[in-house]
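This report concerns only the one structure given below.
Nothing in this text is a laboratory measurement; each read-out follows from the coordinates by a stated rule. These figures come from a predicted structure and were not determined experimentally. Note: ideal-geometry Cβ built from the backbone for every residue, glycine included; neighbour counts use all protein chains shown.
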Amino acid sequence: MSVLAGHPGQHQRRAARAVACPAADGEALAVGVRVSGRNAVDYLVNITSEGLSYAQEDVSGMPAVIEFDPGSLVLTAFGRVNAGTIRGDRAVADRFLNSFFRI
């Protein structure tokens, strides 16, 4: 846990932050993110020159899908681990994963 300045005895958590950068060529990128488990869900994630967007959609036809169990998704989102299983076009998934940098 990162501790920020505050009142004595008071701890604040600093949220992990990341920025998505679209490709220099301006080409949009779309991948699927699949979360397994009791509340399984699929998300279509898009990165364009306007930013990142996501929607709950079927991702079975996507060129690349990154699969996570719920715990691994949380740990990956907060930069604690690099988890997930890539299905499909690894180059597309790598391009997506390398579109983020921590701030």
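Annotations
- Residue count, segment 63-85 (criterion: in a strand (DSSP E or B) and over 19 Å from A28 (Cα atoms)): 3
- Pairs, first free of Cβ contacts under 8 Å to residues at least 40 places away in the same chain and closer than 14 Å to L73 by Cβ in segment 38-59, second basic (K, R) and surrounded by 14 or more Cβ atoms within 10 Å (Cβ to Cβ), C-beta under 9 Å, six or more apart: A40/R34; V41/R34; D42/R34; Y43/R34
- Filter result (under 13 Å from the mean Cα position of the chain (by Cα), among the β-branched types (V, I, T) and under 25 Å from G61 (Cβ atoms)) within segment 77-93: T85, I86
- The residue that is nearest to the chain's Cα centre (by Cα), among those in segment 28-37 that are farther than 17 Å from T76 by Cβ and free of Cβ contacts under 8 Å to residues at least 60 places away in the same chain, is A30.
- Filtered by the rule that a residue be surrounded by 15 or more Cβ atoms within 10 Å (Cβ to Cβ) and in a loop (DSSP other than H, G, I, E, B), segment 24-62 gives V59, M62.
- For R90, the stated conditions do not hold, so it cannot be described as of a type in the set (K, R) and either within 13 Å of L29 (Cβ to Cβ) or surrounded by 14 or more Cβ atoms within 10 Å (Cβ to Cβ) (or both).
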